[in-house]
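The values are calculated or read from the model by the stated rules, or taken from the named source; none is laboratory data. A quick note: this is a predicted structure, and the numbers were derived from the prediction, not measured. Cβ placement follows ideal geometry from the backbone for every residue including glycine, while neighbour counts extend to all protein chains displayed. Heavy atoms of the whole protein, side chains included, go into the accessibility calculation; ligands, DNA and RNA do not. Shrake-Rupley method; radii C 1.70, N 1.55, O 1.52, S 1.80 Å.
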Protein chains: 2
Amino acid sequence: MSQETPPRKPATVQDVAQAAGVSKATAARALGQYGAVSTSVRARVVAAAEALGYRPNEMARSMSTGRSGTIGVIVGDIENPYFGLAVRGISDGARALGFNVILANSAEDSAEERMTVEVLARKQIDGLIVAPAAAGDVVHLRDYARPLVLMDRTVAALAVDTVVMDDASAAAEATSLLLDAGHRRIAYLTATKLAGAHTEIDISTVANRIAGFARAMQAAGIGDPWAQVHFGVTPRGDGQGVIRALLARDDRPTAVLASDSLIALEVLRATKALGLTIPGDLSLVSFHDADWTSAVTPAVTVLAQPAYALGQAAVGMLIERIEGLIAPPRRVELPMRLIVRESVARIDLSASIKP
Amino acid sequence: MSQETPPRKPATVQDVAQAAGVSKATAARALGQYGAVSTSVRARVVAAAEALGYRPNEMARSMSTGRSGTIGVIVGDIENPYFGLAVRGISDGARALGFNVILANSAEDSAEERMTVEVLARKQIDGLIVAPAAAGDVVHLRDYARPLVLMDRTVAALAVDTVVMDDASAAAEATSLLLDAGHRRIAYLTATKLAGAHTEIDISTVANRIAGFARAMQAAGIGDPWAQVHFGVTPRGDGQGVIRALLARDDRPTAVLASDSLIALEVLRATKALGLTIPGDLSLVSFHDADWTSAVTPAVTVLAQPAYALGQAAVGMLIERIEGLIAPPRRVELPMRLIVRESVARIDLSASIKP
DNA sequence: CACAAAACTGAGACCGGTCTCAATAGCTAA
DNA sequence: TTAGCTATTGAGACCGGTCTCAGTTTTGTG
């Protein structure tokens, strides 16, 4: 059977029908698992299909059913292991439920995001999961009148299913850990840039974390924690410069909280370049339990994020909507877990820190 | 304009045509950038389309043009940063050339790969890039009678465009580095498992690297280098056990060559658990310049692989074929670059190594 | 000013499936 | 035996575009 030359032009239902001596409609029924077909005819059709190497054209099928069996996913940065893991959760979940995934990157840019939504919509995706680049610019998401799920970030203006993490309390917890170890000069590093004029933070995740950080700092009686927040620490941007400048200051922080594993890596790089040691000269806590954090020395204390579960939850909710679920928008919040390892040192509160 | 209620049912060419008072054919020409349309009519149609919020249905378009503008990519393990980077190279290249990508995982399993090819083919992809799980089982790839490009691995039985790296010479180079530093007991660690009965290595990359390793070892007068090759060092499998057992032996290796960054991480984990230090107790060289390798201490000496370029080259060749290029199968080999860092120590050849 | 060439436009087939509806066939109940 | 049903099957419309071909309108040229 493997030696027969495959047809130049792929076989269609029509071809199979002809070979089996039945009508196109009947062949389609036998092949497509719908409608009623007598067992004898079905066998004949299936045999013919087999012989012709028939392969159903999913595109044509989607054309008439109106469902593509594909969902779109837009994240800001696929490079980030956190999103990478979330996407895997989505993909696995989607496949298990019979859907495919088209993945796209927005580069954390709203305009790019808008164009991407348009492209995906044209491809007839059945639904969309997005980690919106900016909560303030979401008309394209509202206009996308189909099942939509927000992941990692909320948008007040969008009443749709949302899955997020408990960013505020996790940030507060990590900050408290540092505070309890005696640290007072704690810097919070995030990749997000403050857009020119307005200083509003347009990503709920970032805002919540900073809020949690500030809350914990203030509870410890430390004034103006916002001054300790450093924006624009991008791995492929000037992140390294920002960190080095920070660590070169006389009143340099004794501890840093990195908002993702890529930033933690930049911190490692900077301390290495500056000859500082962790946790001796600088304590470090990072968001996301990247694989390397537990393997290196010192192992990095992290806030483990259930990113895979995040993705699974998102795709689960999305597909429920696609299947027709009618219900008010749901909101799921997943808890992070603080994993204490070796990158945080105690500091003697009474001793002054050498500049 | 943003306050008009979007139509319940998306507008089609027909709707636009009607609104503009022209025939469907003319509207389609104006909207689809083909055929000739007078400027006045075009303006009228475009305006109508704008007003109706018309959005072309790519699926329908593909249906009649016979081209989906989508290419499929199958790799063994998306988790692996090496493939992750290659996939990004493919995605970026594809987008630049006007194509989309559907990504799939084969879990390094031929059967899974076969099913995936089938699924992608049904989705009418225009071409396929694959890092085949096994060179011995490729009928499904041969039967897939469309543009096909092999990436990272060659398959002698498949005369198609291929992009690979210079695995043999790179492995030899890294081994020589270790040899020159005085090492003699050098272990090669790979994730690949030897399939039950036959001990053939069914992945060209793995075979070539081991060949390069063995060649260098033999050139240094070291007998039976194959005994130093350890298979099945999978991060999510028993990799950790294998490494620990290896490092616990009296004649444990003084250096290891890890075939990817995930394995290097496992080595780090094992030495950490066993209280060994790198490079003091064990030297390490790893394939792939993962981001963490240069940030940690000691920084890991690596064989940098142009994975992004690998992906770009693959997608470039594939799309040339899709566009109709007729030419004998091409083969591109990309060079790796050895980046010496801090994870290799000199060993005094005259001194005996303590067990 | 007349006629050929070029530019537009409209009708309708087609891509490869699904799906509705009517027609035929086989079978049971009365 | 025959009306009444149900199980099968065939014809053809339809999804939303593209594309061919013929008919109509302009434009160009001698």
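Data table
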| quantity | calculated |
| --- | --- |
| 7 Å along Cα→Cβ, label-point gaps from A:Ser38 to other copies, nm, shortest first | 6.0 |
| Lys/Arg +1, Asp/Glu -1 at C-beta; the protein assembly as shown dipole; positive extreme among B:Gly84, A:Leu303, B:Gly98 | B:Gly98 |
| Of B:Trp292, B:Ala327, B:Val340, farthest towards positive along the dipole that unit charges on Lys, Arg, Asp, Glu beta carbons give segment B:279-355 | B:Ala327 |
| Qualifying GluC sites (Glu not before Pro) for segment A:264-353 [loop in DSSP, other Cβ within 10 Å: at most 12] | A:Glu323 |
| Computed magnitude of the charge dipole of the protein assembly as shown (debye, nearest 20; Cβ of K, R +1, Cβ of D, E -1) | 1520 debye |
| Sequence of A:Ile78, A:Ile102, A:Ile71 when ordered by accessible area, the most exposed leading, probe 1.4 angstrom | A:Ile78, A:Ile102, A:Ile71 |
| P(r) weight above 16 Å for segment B:132-208, C-alpha pairs, percent | 60 percent |
| Residues of segment B:292-325 buried by at least 10 Å² on assembly (accessible area, 1.4 Å probe, chain alone as reference) | B:Trp292, B:Ser294, B:Ala295, B:Val296, B:Thr297 |
| Residue-level accessible surface for B:Met317, protein heavy atoms, 1.4 Å, Å² | 20 Å² |
| Residue with peak Gaussian network fluctuation, chain B [Cα springs, cutoff 10 Å], from B:Pro306, B:Pro147, B:Pro329 | B:Pro329 |
| Other copies of A:Gly232: label-to-label distances in nm, shortest first, labels 7 Å along the beta-carbon direction | 5.3 |
| Solvent-accessible area of B:Arg88 with every protein chain in place, 1.4 Å probe, in Å² to the nearest 10 | 80 Å² |
| Positive-pole candidate from A:Gln312, A:Gln18, A:Met151, dipole of chain A, charges at beta carbon | A:Gln18 |
| Exam field: B:Gly66 pseudo-label spacings to other copies (7 Å along Cα-Cβ), nanometres | 3.0 |
| Electrostatic dipole magnitude of segment B:121-278 [Cβ: Lys, Arg +1; Asp, Glu -1; Cα centre; debye, to 20] | 440 debye |
| Semi-axis lengths (Å, descending) of the ellipsoid that matches the C-alpha gyration tensor of segment A:236-355 | 38, 15, 13 |
| Number of partner chain Cβ atoms within 10 Å, mean per residue of B:95-101 | 2 |
| Helix runs (DSSP H) in chain A reaching 15 Å along axis by Cα, Kyte-Doolittle at least -1.0 | A:39-52, A:81-96, A:110-122, A:167-180, A:204-219, A:261-274, A:307-322 |
| Top of B:Lys272, B:Lys24, B:Lys193 by mean-square fluctuation, Gaussian network on chain B, Cα under 10 Å | B:Lys24 |
| Solvent-accessible area per residue for segment A:183-249 (1.4 angstrom probe, square angstrom) | 48 Å² |
| Spatially close lysines, pair count over the protein assembly as shown: Cα under 20 Å, gap of eight or more or interchain | 8 |
| Summed buried accessible surface, chains A and B, 1.4 Å probe, nearest 100 Å² | 3600 Å² |
| Dipole in debye (nearest 20) - segment A:34-117, about Cα centre, beta carbon charges: Lys, Arg +1; Asp, Glu -1 | 800 debye |
| Per-residue [θ]222 nm for the protein assembly as shown (sum of -39500 (n - 2.57) over DSSP H runs n ≥ 4, rounded to 500) | -12500 deg cm²/dmol |
| Å² of accessible area per residue within segment B:11-108, as computed with a 1.4 Å probe and no ligands counted | 47 Å² |
| Sulfur and carbon atoms: percent of accessible area, chain A [1.4 Å] | 54 percent |
| Segment B:195-266 and segment B:26-86: distance between their alpha carbon centers, rounded to Å | 48 Å |
| Accessible heavy-atom area order of A:Leu274, B:Leu338, A:Leu150, highest first, probe of 1.4 Å | A:Leu274, B:Leu338, A:Leu150 |
| Percent of beta bridges antiparallel (DSSP, the protein assembly as shown, rounded to nearest 5) | 10 percent |
